[in-house]
1. Any residue at all in segment 366-375 that's under 18 Å from residue 263 (Cβ atoms), in contact (Cβ under 8 Å) with a residue 24 or more places away in the chain and assigned to a strand (DSSP E or B)?
2. Looking only at strands (runs of 3 or more DSSP E) that lie completely in segment 131-206, which have at least 1 residues being touching a helix residue (DSSP H, G or I) at 6+ places or on another chain (Cβ under 6 Å)?
3. Among the candidates 218, 250, single out the residue that is within 31 Å of the chain's Cα centre (by Cα) and assigned to a loop (DSSP other than H, G, I, E, B).
4. For segment 255-342, which strands (runs of 3 or more DSSP E) that fit wholly inside it have 2 or more residues that are under 30 Å from the mean Cα position of the chain (by Cα) and touching a residue at least 60 places away in the same chain (Cβ under 8 Å)?
5. With 356, 351 as the choices, which residue is without any contact (Cβ under 8 Å) to a residue 60 or more places away in the chain, surrounded by fewer than 16 Cβ atoms within 10 Å (Cβ to Cβ) and farther than 26 Å from residue 189 by Cα?
6. Could you tell me whether residue 176 is more than 20 Å from residue 196 (Cα to Cα) and touching a strand residue (DSSP E or B) at 6+ places or on another chain (Cβ under 7 Å)?
7. Are there any pairs with C-beta distances below 7 angstrom linking a residue in segment 179-193 that is outside the structural domain of residue 125 (by TED's automatic domain parsing) and on the phi > 0 side of the Ramachandran plot to a residue that is part of a loop (DSSP other than H, G, I, E, B) and crowded, with 21+ Cβ neighbours inside 10 Å, with the two at least 6 apart or on different chains, and if so which?
8. Can you name the number of the only condition in (1) at pLDDT 95 or above; (2) touching a helix residue (DSSP H, G or I) at 6+ places or on another chain (Cβ under 8 Å) that residue 370 fails?
């Protein structure tokens with residue numbers, strides 16, 4: 001290729017010399033010594049361009065990238081969780097309905113009536129003739145302390161349980177609690193019952209109907225004032241009495257690590273409620289407490305309060321037997337931690353108006369010690385009754 005360029009360069013120089021010889025001298029411009037170099041460079045550039053156009057071009061295509069396939073996902077298998085079988089309960093009742101005397105039924109003072117409840121045996125043991133209906137608290141309304149169940153009730157069967165009662169002589173609202181007890185003397189829990197333990201009858205006693213010959217004079221009494229008062233224990237008259245005769249200040253109840261039993265005694269000042277007042281509502285608040293061990297394992301697992309006019313606590317106030325007629329009952333920590341309205345306490349406080357004190361004993365029913373050498377106690381703190389009355 002360089003030979004061709006040299007030949008072209010020589011020809012170009014020769015042409016320039018011949019052209020210069022043929023031109024007249026007078027008219028020729030001053031020769032540029034670099035002109036032949038410019039022409040030669042242009043000639044070489046034209047030749048290189050022609051060679052480039054004649055040379056075939058190789059086009060390299062890019063190699064497409066390969067995307068790796070995603071990994072296969074593992075197959076998931078759902079395994080159903082195992083289901084634990086419930087532990088069967090021997091004696092367990094279910095409240096079904098009130099057959100007679102719905103709650104709030106009105107009676108005249110001294111009127112006799114029959115209350116019937118329908119219960120279902122949802123346990124796995126048959127209720128035999130040794131099973132009893134017993135009065136558990138509230139207003140007895142002249143009912144028996146205990147009454148045997150007639151016949152037997154197999155698991156899954158229902159039974160109507162009746163008791164003959166008598167309306168009290170004074171007007172007001174009355175409620176009595178009843179329970180079932182098996183042949184061994186153990187109280188039977190009641191599903192759908194009052195606090196899972198009992199069922200009740202609640203009636204209203206109307207004032208005596210006036211005779212036709214008496215026409216009462218209409219009066220327009222002024223509206224009574226509504227007042228709320230909080231009754232709290234008197235420290236000097238409250239405390240605990242133990243089965244060994246020891247008297248201590250904290251109102252604790254349960255058993256000790258020495259397997260002694262403690263009962264709590266609480267005294268409330270009633271002088272703040274005037275004579276003639278009508279109590280309309282009472283809230284029970286024993287929720288401020290703590291525990292040692294597991295007091296709910298004592299007896300049948302229920303803490304109860306009983307009315308006891310004891311004065312000041314001493315060794316003779318300890319109750320050694322199996323008490324009945326509880327005013328209040330708490331079956332477990334959840335119930336003791338709650339604040340609730342209670343008609344039984346309302347009736348008891350109403351009856352105590354005019355007295356200086358209202359006193360109660362708080363304990364677990366027998367046996368109140370499990371003899372395990374561990375203290376199982378409820379230690380009561382800020383106990384109170386929130387009383388609303390009209391006067």
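1. No, that holds for no residue.
2. Numbers: elements: 132-138, 146-148, 158-166, 172-181, 199-205.
Output list reads 132-138, 172-181.
3. Working: 218 fails: within 31 Å of the chain's Cα centre (by Cα).
Answer to the selection: 250.
4. On the way: elements: 261-269, 278-285, 289-292, 303-307, 328-330, 339-341.
By residue number, 261-269, 278-285, 289-292, 303-307.
5. Result of the check over 356, 351: 351.
6. On the way: more than 20 Å from residue 196 (Cα to Cα): no; touching a strand residue (DSSP E or B) at 6+ places or on another chain (Cβ under 7 Å): yes.
Spelling it out, it is not the case that residue 176 is more than 20 Å from residue 196 (Cα to Cα) and touching a strand residue (DSSP E or B) at 6+ places or on another chain (Cβ under 7 Å).
7. Listed pairs, sorted by first residue: none to list.
8. Looking at each condition in turn, residue 370 falls short on (1).
The values are calculated or read from the model by the stated rules, or taken from the named source; none is laboratory data. In this text the structure is predicted, and so the values were computed from the model without any measurement. Backbone-built Cβ (ideal geometry, glycine too); neighbour counts: all protein chains shown.
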